[in-house]
Amino acid sequence: MRASFLACPIDLLTMAETVELACGAMRSRRRLQHVALNVAKFVKMRSDPVLAADVANSDIVSIDGMGILWGARAVGLPAASRVAGVDLLAELLAVCAREGFKPYFLGATQAVLHQAMQRARGRHPSLVFAGWHDGYFRPEQESDVVRDIRSSGADCLFIGMPTPRKERFLAAHRDDLGVAFIMGVGGAFDILAGNVRRAPARIQRLGLEWLYRIYQEPGRMWWRYATTNTLFAGILAQALIKQAIQHTLGAPGPVPPGPSRIGG
């Protein structure tokens, strides 16, 4: 079920529903593009109309961050849970091993990819990768990367490149990749490789995963979270004030959830 959260599309899906849609796409070989929406991406979309269009044109826009989940609930959307990208990746790798689907990893460094794939095979010995390529290729090499993905016969593609680079790559090439399920995974390859530790479950439930990331990588992460979280809080507060005023005056409230793009 697709809804509008502060003019940004989100799909109100559970983890199980998202996994089933991904499996259906791989079985039918019908392309399905997934985007994980967190606070940082939401804030970037407000000033980057190209990125906003790329997200809106995706088939599934999942709630990745607790900030988005809490914000959606605050404006009255029936958001039951988030679908964290790293958790979805783990679920789908298990599905690939069980059903014989072949994933392709794109992004990060060669060392990180090798370690991530090795650890994934350690958890799932029957897992077979269609291929892999690091994310440090030049623009003139994009056609070679696309060719390699297409010729690999991959059933699913997981992309660990920064926003908006991965969205721009997919907007330009998704019709040429020949892959059924496509998903951006952010920094999940580093977590899968064991280079970055995932926050404990209790910290995740409290919505403080971002603070744990700052603890691990203060030089790289503190400014990103300080700016995006503050901007998001301001945007949400403004929307809630406007909504309260509309409610007081009897004006129409937020747009109710509408049909999803999934399968459309």
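Taken together, the criteria exclude GLU17 from residues that are surrounded by fewer than 20 Cβ atoms within 10 Å (Cβ to Cβ) and either touching a strand residue (DSSP E or B) at 6+ places or on another chain (Cβ under 8 Å) or in contact (Cβ under 8 Å) with a residue 40 or more places away in the chain (or both). Taking the condition in contact with a Gly (Cβ under 8 Å, 6 or more places away or on another chain) and open to solvent by 10 Å² or more (accessible area, probe 1.4 Å), does GLY67 pass? In short, yes.
Scanning segment 177-189 for residues that are surrounded by fewer than 20 Cβ atoms within 10 Å (Cβ to Cβ) and over 22 Å from ASP48 (Cβ atoms) yields one hit, GLY178. Checking each residue in segment 239-257 for being at pLDDT 60 or above and either of a type in the set (A, V, I, L, M) or within 23 Å of VAL55 (Cα to Cα) (or both) picks out ALA239, LEU240, ILE241, ALA244, ILE245, LEU249, PRO257.
Pairing each residue of segment 147-176 that is over 22 Å from LEU51 (Cβ atoms) and touching a residue at least 12 places away in the same chain (Cβ under 8 Å) with any residue that is of a type in the set (D, E, K, R) and assigned to a loop (DSSP other than H, G, I, E, B), provided the two are 6+ apart or on different chains, yields C-beta distances under 9 Å for SER152/LYS102; GLY153/LYS102; ALA154/LYS102; ASP155/ARG29; ASP155/LYS102; CYS156/LYS102.
For the subset of segment 80-100 comprising residues that are open to solvent by 10 Å² or more (accessible area, probe 1.4 Å), of a type outside the set (S, T, N, Q) and within 20 Å of the chain's Cα centre (by Cα), which member is farthest from LEU170 (Cα to Cα)? Filtering first and then ranking leaves ALA80. Taken together, the residues in segment 14-60 that are among the polar types (S, T, N, Q), touching a helix residue (DSSP H, G or I) at 6+ places or on another chain (Cβ under 9 Å) and in a loop (DSSP other than H, G, I, E, B) amount to 3. When ILE214, ILE262, ILE149 are checked against the criterion of being buried (at least 17 other Cβ atoms within 10 Å of the Cβ), modelled with pLDDT under 90 and more than 21 Å from ILE63 (Cβ to Cβ), a single residue qualifies: ILE214. If you go through segment 190-205 and pick out every residue that is outside any loop (DSSP other than H, G, I, E, B) and open to solvent by less than 30 Å² (accessible area, probe 1.4 Å), you end up with 2. Might you check whether a residue that is buried (at least 22 other Cβ atoms within 10 Å of the Cβ) and touching a strand residue (DSSP E or B) at 6+ places or on another chain (Cβ under 8 Å) occurs anywhere in segment 45-52? The answer is yes, given that some residue of segment 45-52 is buried (at least 22 other Cβ atoms within 10 Å of the Cβ) and touching a strand residue (DSSP E or B) at 6+ places or on another chain (Cβ under 8 Å).
The values are calculated or read from the model by the stated rules, or taken from the named source; none is laboratory data. Keep in mind the model is a prediction, meaning the values are calculated, not measured. All Cβ positions, even for glycine, are placed from backbone atoms using ideal geometry, and neighbour counts span all protein chains on display. Side chains included, ligands, DNA and RNA excluded: accessible areas come from the protein's heavy atoms. Shrake-Rupley method; radii C 1.70, N 1.55, O 1.52, S 1.80 Å.
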